[in-house]
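A.B. asks: Here you go, one structure.
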């Protein structure tokens, strides 16, 4: 039986995940179509993408760039909208089968909620959604008869694949692998003087600037640990992080009988994106093939240094505390990372600002969507005063 072509709304189409997702749409036009393209600021790339992929809807979140995008696409039958409200509207449209949530940061929370409420399948590449509102998202999924989340992060996609056909009650432990970033093995004295350019030089992955800095601080792995908790229902004390410099083993699952399953492949985000798009099927791809014999890879695993890279431990502590603590952590991290990228603070000040913000912002044990927005706003103000 021929599979119906899947109409996908790509939120963050001009970012690293979005552009790789469009590569897949380009390669498999009979299987996937870019029904909706959403970008924040990159109007020129959005225009170029719209002219190539001919979506029904285009949204530029920055309203100041609406006229530019509208006029550039005036000769095409593409409906052009602007603003955050338009993003929330397009994810719920009947013509959309799947929403790829690849927007960066806290901004991805509400569109994901709206997509779930509309019964859409969500291919989730936005870490902050589950970090900030994991319980909210899980409760929304329980209320929906048709919505589900398919993880796009390579680590969570790996765990998802390892769990396929398994009983979740048989899981002993989840093992998240981390590349260690560009500063693995460095001490505090070295890290005090590193530049944004050095931090953006990731050894294995090509990612956006924010997530690359998060990888360098290990906050990215902290986020992924919290994500894994909410995605798979495994408590934090059964989620282990190991530094795996080669980025070949994307994550593992240890079962009650002491067996371990791992998902292995080239360090390419295209693989987990295509897996989510095509699930539950697997379409042949000639790209990103990996050979142990050709690469001669020695696989190594080490314990992360949470004394030097404190962000990972901060994430464990925030998940343990619960409530709005992860939301405070995320907001402070976004402010601090932005400041570091702009040269306003040093690398080692990122965890300091997060810790001080957690101390100063009022803790709430129960969260709602409204309280998440209030906490996010308060934490950004508090963190901003430290820059």
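Throughout, read-outs are computed from the coordinates displayed, never taken from laboratory work. Only a predicted model underlies this, so the values are computations on that prediction, with no experimental measurement involved. Virtual Cβ from ideal backbone geometry, glycine too; neighbours counted across all protein chains shown.
A.B. asks: Which ones in the stretch 114-136 are within 14 Å of residue 233 (Cα to Cα) and crowded, with 22+ Cβ neighbours inside 10 Å?
C.D. replies: If the condition is that a residue be within 14 Å of residue 233 (Cα to Cα) and crowded, with 22+ Cβ neighbours inside 10 Å, then 130, 131 are the ones that fit.
A.B. asks: For residues that are closer than 19 Å to residue 227 by Cβ and touching a helix residue (DSSP H, G or I) at 6+ places or on another chain (Cβ under 8 Å), tally how many sit in the stretch 167-202.
C.D. replies: Going through the stretch 167-202 one residue at a time, the tally reaches 9.
A.B. asks: Within the stretch 158-173, does at least one residue satisfy the condition of being assigned to a helix (DSSP H, G or I), out of contact with any strand residue (DSSP E or B) (no Cβ under 9 Å at 6 or more places or on another chain) and more than 25 Å from residue 87 (Cβ to Cβ)?
C.D. replies: yes
A.B. asks: Filter the stretch 349-377 down to the residues that are over 23 Å from the mean Cα position of the chain (by Cα) and over 21 Å from residue 320 (Cα atoms) and list them by number.
C.D. replies: 349, the sole residue that qualifies.
A.B. asks: Identify all residues within the stretch 124-145 that are within 17 Å of the chain's Cα centre (by Cα), within 15 Å of residue 114 (Cα to Cα) and assigned to a loop (DSSP other than H, G, I, E, B); write none if there are none.
C.D. replies: Scanning the stretch 124-145 gives a single hit, 126.
A.B. asks: Go through the stretch 185-240 and tell me which helices (runs of 4 or more DSSP H), entirely inside it, have 3 or more residues that are touching a residue at least 12 places away in the same chain (Cβ under 8 Å) and within 24 Å of residue 266 (Cα to Cα).
C.D. replies: 209-217, 219-232
One line per residue, one yes/no per condition, for (1) in contact with a helix residue (DSSP H, G or I) (Cβ under 7 Å, 6 or more places away or on another chain); (2) buried (at least 23 other Cβ atoms within 10 Å of the Cβ):
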site: 322; (1), (2): no, no
site: 334; (1), (2): yes, no
site: 345; (1), (2): yes, no
site: 354; (1), (2): yes, yes
site: 363; (1), (2): yes, no
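A.B. asks: Suppose we keep only residues that are out of contact with any helix residue (DSSP H, G or I) (no Cβ under 6 Å at 6 or more places or on another chain) and part of a helix (DSSP H, G or I) within the stretch 96-112. Which one would you say is nearest to residue 281 (Cα to Cα)?
C.D. replies: 110
A.B. asks: If you don't mind, another one. Among the residues in the stretch 255-276, are any in contact with a helix residue (DSSP H, G or I) (Cβ under 6 Å, 6 or more places away or on another chain) and under 30 Å from residue 190 (Cβ atoms)?
C.D. replies: yes
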